[in-house]
1. Give the span of the stretch 112-233's Cα atoms along each principal axis, as three whole-Å numbers ordered largest to smallest.
2. May I ask you to work out the translational diffusion coefficient for the stretch 377-471 at 4 °C, viscosity 1.567 mPa s, via Stokes-Einstein with Rh from the Kirkwood sum over Cα pairs, reported in whole µm²/s?
3. Give, in whole angstrom and from largest to smallest, the semi-axes √(5λ) of the equivalent ellipsoid of the stretch 307-437, with λ running over the eigenvalues of the Cα gyration tensor.
4. Can you give me the relative contact order of the stretch 7-373 as a percent, contacts being Cα pairs under 8 Å and 6 or more apart?
5. Where in the stretch 318-363 are there trypsin sites (Lys or Arg not before Pro) that are in a DSSP coil and have at most 16 other Cβ atoms within 10 angstrom of their Cβ?
6. Between Asn241 and Leu128, what is the label-point separation in nm under the 7 Å Cα-to-beta-carbon projection?
7. So if I take the alpha carbon set of the stretch 291-368, get Rg, then get Rh from the Kirkwood formula, what is the Rg over Rh ratio?
8. Which of the lysines could be linked to Lys470 by a straight reach, that is with a Cα gap under 18 Å, when you skip same-chain ones fewer than 8 residues away?
Amino acid sequence: MEKGNSPDERLRPDSGSTRADSLDLASVWDCRHVANLAASFRIPGMPFLDEKLETLTPAAIRIVQREKLYAMLDAILPDNAFYQKKLQGIDPELAAADWSKLPFTTRAEIQADQAANPPFGTNLSFPLNDYVRFHQTSGSAGVPMRWLDRPCDWAWWHRLWHTIYRAAGVMQTDRFVFPFSFGPFIGFWAGFESAVSMGNLSLPAGGMTTTARLKFLLDNAVTVIGCTPTYALRMAEVARNEGIDLPASSVRALFVAGEPGGSIPAVRAAMESGWGARVFDHSGMTELGPYAFECLESPGGLHVNESEFIAEIRDPASGEIRQDGAGELVLTNLGRWGAPLIRYRTGDHVHLRRELCTCRRHFARLDGGILGRIDDMIVIRGNNVFPTAIEAILREFSEIAEFRLEVTDARAMSELKIVIEPTPSAETKSLLAGVTAAIRDRLSFRPIVEFVKPGTLPRFEMKARRLLRKPSNDGAN
C-alpha cells in the first residue's frame, strides 16, 4: 500500500453510510452481536463499527447506559461477592436510574480484596471455571492486580478495539505489527487479537532487538504499528542512527497506548515526524477495558466510548461529581460482567467536555487525552505540576534524546531535578538555557538540570518509568 501526501489523506475513508432511526437495545449486550458487527470491516469506507450506536444523541446514550447498567447489576449481584457486600440493599432498577447513588470503587479496595482472597479476589460474577483469560496490571501504582475474563468478556474487548480501529479509518487491507513481548500486560494482547478477529494480517514481533524489528516490519510491508509512545520514539531514534528512512516506508498509522504521550503535542509531532505516519492515541486500563479512542477527524483528544462506559468527573479536592470539566475520571464499564467495575476512580486527571464532534459522535471528549496521574502530581514551590507537562516541554527540544525526573520528597517541599541525556551533536550550554527558560515561563519554577553522557539513560519497550521519587536526606528513614 502506497502512502499518500499526508497521514490524514492516507487514512480518511469515504463515509457513505446513513444513520438508522432506531436501536435494538436487546442486542447491545448480546455477545453474539459482537461477531456479527466484525463483518462490517469488509464494508469499504465505513468509519463506524456500529453507526446507530455511535451516533446516538446524548439522551439516547443515557437510555442505553441505564439499560445496560440495570442488566449488568441484575446479572452479577446474585453471585459476585465483592459487589454483593458493597451494594447490599441497593435496588438494581433504582440504581440504574440514578447511578450517583452507587458508591465508588477504588484500586485500594480491589488490591485489599485480592490480598484477603488470593489469588483473584471476590470480584467474580461466575464460577471460576468459566474464565479463560488472565492478565495483570503493571504494578506501577503499587501491587499488581490480577484480572480474569470469560470468552464473552474477551469478545467485548474485541468489540471495543474494533471501534478504536474503525474510528481511525483502518481497512481490511492494512497489515499490523506489534513490537512487544507477550507477557501478562493486556493492552497489546487485546490489540493484536482484535486485529486478527477483524480479518487483518497481524505480525507478532516479540523477542527481537529494535533493529531486527525495524527490518521485520519493513520486509513485510507493514502499514500499522501498535506500541507505546516511548517505543515508537525509540524505534525512530534507532532508525535515524542506522540510516533507515521510516517516512519512506509503507507505515501509515501508529496506535499508541500504555502511557500518556499520544495526545501531547510535542511527543505526537516527534512520532509523526519520525515515522511519516498519523498517530492515534487511545486509553484503557487492565481492570476496566479500552475506554477511549481518537477519531480520524479530530486529533489531539479522545472520545470516551459511552455506549460501553459511564463517565463522570470527580473534583479531587472537594469530591464533587460533575458531568464535565477538569478532575479525576470515574468510569463504570457496562459489558465486562465477569469482573465489572462500578464507579471506578481511575486516578487519571482529564478535562472532559460534551459536544457533537465532526465525526458525528456525541461521545464525551477528553481534551488532550490523559493529562496525568493524580498520584504523580508534584508540588514545586507552590505549583502543582504533572510530569506530562514537563515532558511536553522537553519533547520540543530535538537535542534531548532521553530524560528522567528525579523528585526528592522533603517534609517542607519537593525538589525536582531533570536529568537530560543530550544527542551527541547537542550544544549543552544553549540547551540548558532553552530548557530552563521554557519551564520557568510556562510552569513558573526554575528547574535543576543535570546532563549525562549519551547512552546513559535506559530505553523502554513498554511503559516508560521516567519519574523517580527519592526520600529526602533530612534524617527521615
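Every number in this text was worked out from the coordinates using simple rules, so none of it is lab data. All values derive from a computational prediction rather than experimental measurement. Neighbour counts run over all protein chains shown; Cβ positions are idealised from the backbone, glycine included.
1. Ordered largest first, the stretch 112-233 gives principal extents of 49, 28, 23 Å.
2. 94
3. Values: eigenvalues 247, 76, 38 Å².
Whole-Å semi-axes of the equivalent ellipsoid: 35, 19, 14.
4. Numbers: 714 pairs, mean separation 63.5, N = 367.
For the stretch 7-373, the relative contact order is 17 percent.
5. Values: sites: Arg322, Arg336, Arg343, Arg345, Arg353, Arg354, Arg360, Arg361; in loops: Arg336, Arg343, Arg354, Arg360, Arg361.
Qualifying residues, ordered by number: Arg354, Arg360.
6. 4.6
7. 0.97
8. Cα-Cα hits under 18 Å: Lys417.
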